[in-house]
2 protein chains.
Amino acid sequence: MTRWLNDDELRAWLNLAGVMLKLSPTLDSQLQRDSDMTHFDYLCLAMLSESADRTLRMSELAVRTNASLSRLSHVVKKLEARGWVERFPCADSGRVTMVRLTAEGWRVLVAAAPGHVETVRSLVFDGLDAEDVAALERIAGHVVELIEQAGLRTVT
Amino acid sequence: MTRWLNDDELRAWLNLAGVMLKLSPTLDSQLQRDSDMTHFDYLCLAMLSESADRTLRMSELAVRTNASLSRLSHVVKKLEARGWVERFPCADSGRVTMVRLTAEGWRVLVAAAPGHVETVRSLVFDGLDAEDVAALERIAGHVVELIEQAGLRTVT
DNA sequence: GATTGAAGGTTGAAGCATCAAGTGTTTGCT
DNA sequence: AGCAAACACTTGATGCTTCAACCTTCAATC
């Protein structure tokens, strides 16, 4: 017996799907045009920039960017080729790879940030009041948790 | 002067980004595994199934699936090759292409629907009350509108 | 001290999405 | 009637994501 969605749920779902289908390409598009990077690239740089020593292990960066290790590995390889990050083996454990934001990567991130943040603000937060923001944080957080628990994505 | 995000907005944004980064691949993964299609394929079939004659013009289907015409064209070509939809020229206007869901496409959609809906329910709606659903509909709808207005994506 | 299994990453191939450029059609203007 | 511009797609190339397979390294067990 399938538990179908009722009308309210269906409308909510179609709107959420709309956000995923429209917002993500729009962000990529702005960052690609203005800063020659994808939104995911930006997230990687941003997460590194906030970490001690601007350094994280691959698996930790993967968690913080909500990505599979595989996806991250491909992207970090690209970012390293551009000189925006560098990889090096962890001193403590031979199977761990560390990633560090370079000085150049930091400059690129700082240059990209204003335009990106302005875009996010204008596409997401303009016209939302504090209550809406709180609701968004709560509901989106809830969805993320459900997905993590389902853990269908053991992910390679 | 960049208007940065405050702490609440930042947390809300990171959670929303998390939804986009995690939900979308998870849905694709379930549909790919169980029904050999992507989430976007499913949306196309679903939108056609609800239309008069199970038929729409390409540009209208693009609007309803929140996609660019280019993306849609590639995907419809694939779906047509599988025999799930068929294209034919519009009688009224020579530059319009119509897409129709075939009987086979309908069967495939009906077979995929229960698993997909169950996945959406379990990853999004489980644990949300009616107020949350209403808030989600409202906020996500708002974001979609902002993006459409910005219309940066004139899209090819 | 071997073996087994799991953890942490990397890689290559295949499928997708995007962008820019193209084709053919219709509209509007003169 | 003729021409330019806009519309409705389609196409090919490029880059990104996923999946499955692989390679090391570490941990636990015997």
For this session: Can you tell me which residue within the range B:118-135, out of those that are crowded, with 17+ Cβ neighbours inside 10 Å and closer than 16 Å to A:ASP132 by Cα, is farthest from the other protein chains (Cβ to nearest Cβ)?
Result: B:LEU128
Exercise. When residues of the range B:51-62 are filtered for being farther than 15 Å from B:GLU86 by Cβ and crowded, with 19+ Cβ neighbours inside 10 Å, how many remain?
Worked result: 1
Seminar exercise, completed: Taking the range A:89-107 and keeping residues within 14 Å of DNA strand D (Cβ to nearest atom) and either open to solvent by 50 Å² or more (accessible area, probe 1.4 Å) or in contact (Cβ under 8 Å) with a residue 24 or more places away in the chain (or both) leaves A:PRO89, A:CYS90, A:ALA91, A:ASP92, A:GLY94, A:ARG95, A:VAL96, A:THR97, A:MET98
Exercise. Does B:THR2 satisfy being polar (S, T, N, Q) and in contact (Cβ under 8 Å) with a residue 40 or more places away in the chain?
Worked result: no
Problem set entry | Enumeration of residues in the range B:46-88 that are more than 17 Å from A:PRO25 (Cβ to Cβ), within 13 Å of DNA strand D (Cβ to nearest atom) and of a type in the set (S, T, N, Q) | B:THR55, B:SER59
Exercise. Do we find that A:ARG11 is at positive phi, of a type in the set (Lys, Arg) and open to solvent by 50 Å² or more (accessible area, probe 1.4 Å) in this structure?
Worked result: no
For this session: Confirm whether B:THR65 is more than 20 Å from B:PRO89 (Cβ to Cβ), within 14 Å of DNA strand C (Cβ to nearest atom) and open to solvent by less than 20 Å² (accessible area, probe 1.4 Å).
Result: yes
Problem set entry | Unmet requirement for A:ARG138, which otherwise passes all of (1) surrounded by fewer than 19 Cβ atoms within 10 Å (Cβ to Cβ); (2) facing chain B (nearest Cβ under 7 Å); (3) within 18 Å of B:MET20 (Cα to Cα) | (2)
Problem set entry | Given (1) open to solvent by 20 Å² or more (accessible area, probe 1.4 Å); (2) over 19 Å from A:GLY105 (Cβ atoms); (3) of a type in the set (Val, Ile, Thr); (4) at pLDDT 95 or above, index of the condition A:THR38 fails | (2)
Exercise. Would you call A:LEU48 of a type in the set (A, V, I, L, M), crowded, with 21+ Cβ neighbours inside 10 Å and touching a Lys or Arg at 6+ places or on another chain (Cβ under 6 Å)?
Worked result: yes
Exercise. Can you tell me which residues in the range A:11-30 are within 10 Å of DNA strand D (Cβ to nearest atom) and not acidic (Asp, Glu)?
Worked result: A:SER24
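The values are calculated or read from the model by the stated rules, or taken from the named source; none is laboratory data. Keep in mind it's a predicted model, so treat the numbers as computed, not measured. A quick note on method: Cβ atoms are made from the backbone with ideal geometry, for glycine too, and the neighbour counts reach across all protein chains shown. For the accessible areas, the whole protein counts, side chains as well, though only heavy atoms, and no ligand, DNA or RNA atoms are used. Shrake-Rupley method; radii C 1.70, N 1.55, O 1.52, S 1.80 Å.
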